[in-house]
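**Student:** Handing you this structure, nothing more for now.
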Amino acid sequence: MRSQFTAEPSSSDMADRDFTVGEVPAVVRAPATDADRAPVFDVIIAGCGPTGAMLAAELRLHDMRVLVVEKETEPKSFVRIVGLHIRSIELMAMRGLLERVLPHARRRPAGGFFAAIDKPAPKGLDSAHAYLLGIPQPVIERLLEEHATELGAQVRRGRAVTGFEQDDEGVTVELADGERLRTRYLVGCDGARSTVRKLLGVGFPGEPSRTETLMGEMEVGAPQEEITAKVAEINETRKPFWLRPFGGGVYSVVVPAVGVVDRAEPPTLEDFEHALRAIAGTDFGVHSPRWLSRFGDATRLAERYRAGRVLLAGDAAHIHPPIGGQGLNLGVQDAVNLGWKLAAQIRGWAPGTLLDTYQAERRPVAEDVLDNTRAQRELLSAEPGPQAVRRLLSELMDFDVVNRHLIEKITAIGIRYDFGDGPDLLGRRLRDIDVKQGRLYDLLHRGRGLLLDRTGRLSAGGWSDRIDYLADPTAALDVPCVLLRPDGHVAWIGDDQQDLDAHLSHWFGTPAG
Ligand SMILES: Cc1cc2nc3c(=O)[nH]c(=O)nc-3n(C[C@H](O)[C@H](O)[C@H](O)COP(=O)(O)OP(=O)(O)OC[C@H]3O[C@@H](n4cnc5c(N)ncnc54)[C@H](O)[C@@H]3O)c2cc1C
């Protein structure tokens, strides 16, 4: 029986697993009979951008059979310098990746990101990693992909998802070359123009792009003095523009595009010359481009993140202008929220609604990011009204509470999921603290839950296959006992075993045995 969308899968999603842990099966052809319809992969991920790579790694922590199919034959070459904000840096530390990232990144202060209003971060931000890491996007993508493949994920490049069909047992995914693969779940991490989202028929409402911006690297013929003078003049207008030496005679160019007719068509050097003449009165003699790209400022949010066995994450689920540098961060954080839940669903121990908490938790976070970028875009306008609001906000940011609120938003350390009534810490992530055994985040590398028990008399016994236990962890914790989910969020606080058991069941299903 086939339907496009199916209800919850049975809790015995793992029943017909017949593979050795870590083994990734070879390609299979389209199932000819019902007997052949048994899924060969647990999860196929469309797209090996930062979201897809991070999700693949998270799933491998739980021994899922993961295949990532990526449309492009080669990794991206265009160099967006992205900023990893505090929560993403914390996630890197939580998965043992920070040491890998640091040599490639420039550490910068965490402040000054909200609408580029130049205010330092308030003192005492609640994080052991209260800084920003500037890193080229291709580098962070490579590091995440390496992490995923080292953990056993398989990545196949030059393979675009072009279709799929889901039924009660799984999803048949069709690739551009006609190959068909069977999987239990499909996750679309295939970016803003997501094929998976479109095929699912999930709406992507919001505001279309109002402006297009060209970005690229090329050589420049004009003398440096002319460039410096023109750049200073144009920067006064607050337009998105720069012309910066990148090394080896190559310049990085960002300039508002003019007269874009077809957004699907890649930009040309002539488009850059035209745009530069429009803003600066000269094209600076640009030539010999290394790469050219264009981006818009559309703001859109997927109506839902899941339809049956198909889910969306990252830019496939939400897009917004790159103001404040949050898109990649948001996608990587989606992946860490989704990975353990999807693995639990496939393993068969996920409580009934666990997988749906992915959308319930992450969609409001994306809504908030979309809103803050809308606000920032207004504040960057050169019009007198927005400029007056900007001056006012700049004054307000001298109040610690305002500055702190905005920084916690941009850096995602202010997120509090709605886990019901309880202390303020409930639903928030716990910062990286010293514990007797070292650092807290070092204990989360395996992506398991963790019970931090200062009373020394509680137990997560029946769930020990999913949860680690730490007695008398640290004086830095000012509550008796904390249950952390694999994503580091506080799922329970208390000192009563019965209450703990109820919450363990709520998040981690029935105990083993
Ligand atoms: C100029 C600029 C600056 C930015 N700066 C920042 C910043 O400082 N900080 C920040 O956090 N974010 C920043 N962003 C946003 C960030 O680049 C994106 O949010 C991020 O790349 C999203 O990651 P993703 O993995 O979800 O999607 P993508 O990076 O778009 O990856 C999707 C992948 O899916 C592949 N794909 C597409 N279709 C298919 C298909 N049918 N089958 C298989 N594969 C497919 C694509 O080839 C691609 O590799 C910036 C964006 C721009 C444009």
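**Student:** If I ask for residues that are open to solvent by 10 Å² or more (accessible area, probe 1.4 Å), in a loop (DSSP other than H, G, I, E, B) and within 11 Å of the ligand (Cβ to nearest atom), which ones from the stretch 53-91 would you list?
**Tutor:** Lys71, Glu72, Thr73, Glu74, Pro75, Lys76, Phe78, Val79, Arg80
**Student:** Moving on to the next point. With the condition being within 20 Å of Phe295 (Cβ to Cβ) and open to solvent by 70 Å² or more (accessible area, probe 1.4 Å), I'd like the strands (runs of 3 or more DSSP E) fully within the stretch 165-284 carrying at least 1 qualifying residues.
**Tutor:** Numbers: elements: 171-175, 180-188, 212-219, 242-247, 250-256.
Fully inside the stretch 165-284 and qualifying: 242-247.
**Student:** Looking at Phe41, Phe19, which is the one that is modelled with pLDDT of 50 or more and either away from the ligand (no atom under 12 Å from the Cβ) or touching a His at 6+ places or on another chain (Cβ under 8 Å) (or both)? Spell out the reasoning first.
**Tutor:** Numbers: Phe19 fails: modelled with pLDDT of 50 or more.
Just a single option satisfies the conditions, and that option is Phe41.
**Student:** Turning to a different aspect of this structure: Tally the residues that are farther than 19 Å from Val68 by Cβ and of a type in the set (Val, Ile, Thr), restricting the search to the stretch 318-339. Give the derivation first.
**Tutor:** To start, the set of residues in the stretch 318-339 that are farther than 19 Å from Val68 by Cβ comprises 318-327, 329-330.
Filter again for of a type in the set (Val, Ile, Thr), leaving 319, 323.
Qualifying residue count for the region: 2.
**Student:** Surrounded by fewer than 17 Cβ atoms within 10 Å (Cβ to Cβ), under 30 Å from Val43 (Cβ atoms) and in contact (Cβ under 8 Å) with a residue 40 or more places away in the chain: is that true of Gly348 in this structure?
**Tutor:** Numbers: surrounded by fewer than 17 Cβ atoms within 10 Å (Cβ to Cβ): yes; under 30 Å from Val43 (Cβ atoms): yes; in contact (Cβ under 8 Å) with a residue 40 or more places away in the chain: yes.
Spelling it out, Gly348 is indeed surrounded by fewer than 17 Cβ atoms within 10 Å (Cβ to Cβ), under 30 Å from Val43 (Cβ atoms) and in contact (Cβ under 8 Å) with a residue 40 or more places away in the chain.
**Student:** Select from the stretch 98-149 the residues that are closer than 28 Å to Gly438 by Cα, part of a loop (DSSP other than H, G, I, E, B) and within 16 Å of the ligand (Cβ to nearest atom) and list them in ascending order.
**Tutor:** Looking only at the stretch 98-149, we keep the residues that are closer than 28 Å to Gly438 by Cα, and these are 98-110, 121-135, 140, 143-149.
Subset that is part of a loop (DSSP other than H, G, I, E, B): 105, 109-110, 121-131.
Once the filter is applied, which keeps residues that are closer than 28 Å to Gly438 by Cα, part of a loop (DSSP other than H, G, I, E, B) and within 16 Å of the ligand (Cβ to nearest atom), the stretch 98-149 yields Ala105, Pro109, Ala110, His129, Tyr131.
**Student:** Here's a check for you: in the stretch 312-325, which residue that is on the phi < 0 side of the Ramachandran plot and modelled with pLDDT under 95 is nearest to the ligand (Cβ to nearest atom)?
**Tutor:** Within the stretch 312-325, the subset on the phi < 0 side of the Ramachandran plot is 312-313, 315-323.
Then keep just the ones that are modelled with pLDDT under 95; that gives 321-323.
Details: Pro321: 8, Pro322: 4, Ile323: 9 Å.
Ranking the candidates gives Pro322 first.
**Student:** Would you confirm whether or not the stretch 294-305 contains a residue that is away from the ligand (no atom under 13 Å from the Cβ), farther than 26 Å from Phe508 by Cα, touching a Pro at 6+ places or on another chain (Cβ under 8 Å) and of a type outside the set (Val, Ile, Thr)? Lay out the reasoning, then the answer.
**Tutor:** So in the stretch 294-305, the residues away from the ligand (no atom under 13 Å from the Cβ) come out as 301, 303-304.
If we keep only those that are farther than 26 Å from Phe508 by Cα as well, we get 301, 303.
If we keep only those that are touching a Pro at 6+ places or on another chain (Cβ under 8 Å) as well, we get 301, 303.
Next cut, of a type outside the set (Val, Ile, Thr) only: 301, 303.
Yes; the residues of the stretch 294-305 include at least one that is away from the ligand (no atom under 13 Å from the Cβ), farther than 26 Å from Phe508 by Cα, touching a Pro at 6+ places or on another chain (Cβ under 8 Å) and of a type outside the set (Val, Ile, Thr).
**Student:** Would you check which residues across the stretch 182-204 are more than 19 Å from Ala264 (Cα to Cα) and more than 12 Å from the ligand (Cβ to nearest atom) and list them?
**Tutor:** Correct list: Arg182, Thr183, Arg184, Tyr185, Leu200, Gly201, Val202, Gly203.
**Student:** Now a separate question. List the pairs whose first member sits in the stretch 293-304 and is over 30 Å from Met218 (Cα atoms), whose second member is aromatic (Phe, Trp, Tyr), and whose Cβ atoms are under 7 Å apart, counting only residues at least 6 apart or on separate chains?
**Tutor:** Arg300/Phe204; Ala302/Phe204
**Student:** Within the set of pairs 6 or more residues apart or between chains, which connect a residue that is among the aromatic types (Phe, Trp, Tyr) inside the stretch 328-345 to a residue that is open to solvent by less than 10 Å² (accessible area, probe 1.4 Å) with Cβ atoms less than 7 Å apart?
**Tutor:** Here the result reads Trp340/Glu58; Trp340/Gly447; Trp340/Pro486; Trp340/Asp487, each pair linking the stretch 328-345 to a residue that is open to solvent by less than 10 Å² (accessible area, probe 1.4 Å).
**Student:** Under 13 Å from Tyr417 (Cβ atoms) and acidic (Asp, Glu), is that true of Glu361? Let's see the steps before the verdict.
**Tutor:** Numbers: under 13 Å from Tyr417 (Cβ atoms): yes; acidic (Asp, Glu): yes.
The answer is yes for Glu361.
**Student:** Based on what the data block shows, is Gly158 surrounded by fewer than 18 Cβ atoms within 10 Å (Cβ to Cβ), within 16 Å of the ligand (Cβ to nearest atom), under 18 Å from the mean Cα position of the chain (by Cα) and not polar (S, T, N, Q)?
**Tutor:** Answer is no for this residue.
The values are calculated or read from the model by the stated rules, or taken from the named source; none is laboratory data. Everything quoted here is computed from the prediction, not taken from an experiment. With ideal geometry, Cβ positions are generated from the backbone for all residues, glycine too; neighbour counts draw on all protein chains shown. In case anyone asks, the SASA skips ligands and DNA or RNA and just uses the protein heavy atoms, side chains included. Shrake-Rupley method; radii C 1.70, N 1.55, O 1.52, S 1.80 Å.
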